[in-house]
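Have a look at the structure below before the remarks.
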Amino acid sequence: MLKANQNYLKLPGSYLFSTIAKKVASYKEANPDRTVISLGIGDVTQPLSPAIIKSLHDAVDEMGAKETFKGYAPDLGYDFLRKAIAENDYKKRGCDIAEDEIFVSDGAKSDSGNIQEIFDENCKIAVCDPVYPVYVDSNVMAGRTGTYDADSERWSDVIYMPCTAENNFVPDFPEKTPDIIYICSPNNPTGTAMSKADLQKWVDYAREHGSVIIYDAAYEAYISEDDVPHSIYECSGARTCAIEIHSFSKNAGFTGTRLGYTVVPKDLKDAEGTALHGLWARRHGTKFNGAPYIQQKAGAAVYTPEGQAEIKALVSYYMENAKTIKDGLKDAGYTVYGGVNAPYIWLATPDNMKSWDFFDRLLQDANVVGTPGSGFGPSGEGYFRLTAFGTHENTIEAMRRIKEL
Ligand code: PLP
């Protein structure tokens with residue numbers, strides 16, 4: 001008898017950003033004269049930089065010539081890109097990561113959603129709350145999260161680690177010991193980042209308890225403070241307990257181009273001594289088509305001197321928006337967090353307003369779209385996220401409107 005995967009049916013509602021898109025679409029339909037500014041979804045707005053465009057063109061030309069045409073890409077990524085990643089993202093930072101521990105992919109969403117497949121279905125996961133929704137949802141699909149309680153908006157088998165103003169958005173160690181711990185720093189949605197000392201404590205905890213940390217470093221390029229690590233492998237002992245996920249989306253504007261990578265060190269083993277590196281390699285080889293040659297060439301351009309200068313300028317552009325939002329909200333009397341090491345500003349809703357009520361108010365009265373904090377987890381209630389990924393013009397205009405509320 002044909003039966004749909006019952007785990008999928010357990011997922012409550014639709015994906016957060018689809019819900020927002022629907023609400024905004026119906027508002028626009030009802031109010032065609034209004035100009036709505038979106039500071040909601042974390043998508044970039046600036047075009048790819050010249051060094052990347054040139055590399056894309058060159059790669060297309062190579063594909064059209066007999067001598068340089070490429071067929072299937074190597075499962076784990078082209079050597080030229082893995083070498084550039086190992087050199088620039090790790091060796092230069094004093095991290096001991098080899099080229100063959102790097103798995104090139106089409107981005108951090110698929111890697112952060114798929115990586116749980118290499119762990120036993122009974123492994124217990126811990127997530128920061130609020131958190132990027134993919135971590136929990138992909139574990140729901142894998143049948144690892146137990147039952148959902150709509151009142152508390154929690155899964156019975158998920159360990160939630162609240163991150164609020166009370167603990168400076170750094171999770172406390174949970175009462176129950178998790179097997180898999182998801183940490184995203186700089187964080188989406190709170191825009192805050194863990195110091196190296198705080199992250200080292202988590203690495204020590206994971207080693208002591210035999211847990212693995214899945215470290216999402218998608219926003220690493222936005223770090224501006226010296227005591228915030230760019231990689232978990234800057235912490236001692238992380239090679240034995242951490243997987244790190246990277247994206248080219250936010251540093252270089254690849255949200256439409258698609259490229260990312262994941263590091264699984266060979267020293268990372270389960271309790272029985274099975275190396276997880278081999279499992280992820282097997283999974284990649286069997287179920288992943290590989291990132292296209294053209295994209296990988298574009299990714300390599302990111303690491304050239306021109307590419308580095310250009311993406312730095314891109315990050316500065318967005319961080320100027322972060323400052324505009326942060327300063328503007330503060331002037332308007334809001335309590336704000338983030339926006340220093342990340343392109344997200346996390347604000348406390350005024351008068352303890354519910355996150356979705358504030359969403360409606362902002363949409364209707366200021367025609368600005370943001371993201372309700374509760375959409376990222378129960379502890380996000382009472383908070384709201386604005387992104388710095390808009391254009392300067394739209395960001396300034398959005399702040400003008402919010403100040404007039
Ligand atoms: N990880 C986090 C924490 C994110 O916020 C996002 C996108 O918003 C991603 C991963 C997805 O990255 P990619 O575009 O590489 O799939």
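Residues in the chain average 44 Å² of solvent-accessible surface per residue, probe 1.4 Å, ligands and nucleic acids excluded. Taking amide hydrogens as placed 1.01 Å from N in the peptide plane, the amide H of Thr349 sits under 5 Å from those of Tyr383, Phe384, each at least 5 positions away in sequence or on another chain. Between Phe173, Gly328, Ile41, the Cα set farthest toward the positive side of the dipole of the chain (charges on each charged residue's Cβ, about the Cα centre) is that of Ile41. Across the stretch 208-367, Cα-Cα pairs more than 20 Å apart make up 65 percent of the total. What a 1.4 Å probe finds exposed on the chain is 50% carbon and sulfur by accessible area, rounded to a whole percent. Per-residue Karplus couplings for the stretch 218-227, computed as 6.51 cos²θ - 1.76 cosθ + 1.60 with θ equal to phi - 60°, are listed in order as 4, 10, 3, 5, 8, 5, 10, 9, 5, 8 Hz, Gly and Pro entered as x. Could you list, in their original order, any pairs among Lys3/Lys23; Lys92/Lys250; Lys109/Lys266; Lys22/Lys54; Lys312/Lys354 whose Cα atoms are separated by more than 25 Å? From Lys3/Lys23; Lys92/Lys250; Lys109/Lys266; Lys22/Lys54; Lys312/Lys354, over 25 Å: Lys3/Lys23; Lys22/Lys54; Lys312/Lys354. For the stretch 1-107, which chymotrypsin sites (Phe, Trp or Tyr not before Pro) are in a loop by DSSP, counting at most 10 other Cβ atoms within 10 Å? In loop regions of the stretch 1-107 (DSSP not H, G, I, E or B), the sparsely surrounded chymotrypsin sites (Phe, Trp or Tyr not before Pro) are Phe69, Tyr72.
Loop-located trypsin sites (Lys or Arg not before Pro) in the stretch 3-66 (DSSP state other than H, G, I, E, B) with a sparse environment of at most 14 neighbouring Cβ atoms within 10 Å: Lys3, Arg34, Lys66. Derived scalar couplings between HN and Hα for the stretch 255-269 equal 4, x, 7, 6, 6, x, 7, 10, 10, 10, x, 5, 7, 7, 10 Hz in order, rounded to whole Hz, by the Karplus curve 6.51 cos²θ - 1.76 cosθ + 1.60 (θ = phi - 60°), x for Gly and Pro. By its C-alpha gyration tensor, with a ≥ b ≥ c as the square roots of the eigenvalues, how is the stretch 1-140 shaped: rounded for a/c under 1.5, else prolate for a/b larger than b/c, else oblate? The shape class here is oblate. Computed over the stretch 53-304, the quotient of the alpha carbon radius of gyration and 2.2 N^0.38 Å is 1.02. In the complete set of protein chains, residue-level accessible area for Val36 is approximately 30 Å², probe 1.4 angstrom. Against the empirical curve 2.2 N^0.38 Å, the C-alpha radius of gyration of the stretch 25-80 lands at a ratio of 2.00. The Cβ shell under 14 Å around Gly333 holds other residues with a net charge of -1, Lys and Arg each +1, Asp and Glu each -1. The trypsin sites (Lys or Arg not before Pro) found in the stretch 327-405 that occupy coil by DSSP, while having at most 14 further C-beta atoms within 10 Å, are Lys354.
The values are calculated or read from the model by the stated rules, or taken from the named source; none is laboratory data. Keep in mind that what you see is a predicted model, and the values were worked out from it rather than measured. FYI the Cβ positions are ideal-geometry reconstructions off the backbone, even for glycines, and counts take in every protein chain you see. Keep in mind that these areas ignore ligands, DNA and RNA; they rest on the heavy atoms of the full protein, side chains included. Shrake-Rupley method; radii C 1.70, N 1.55, O 1.52, S 1.80 Å.
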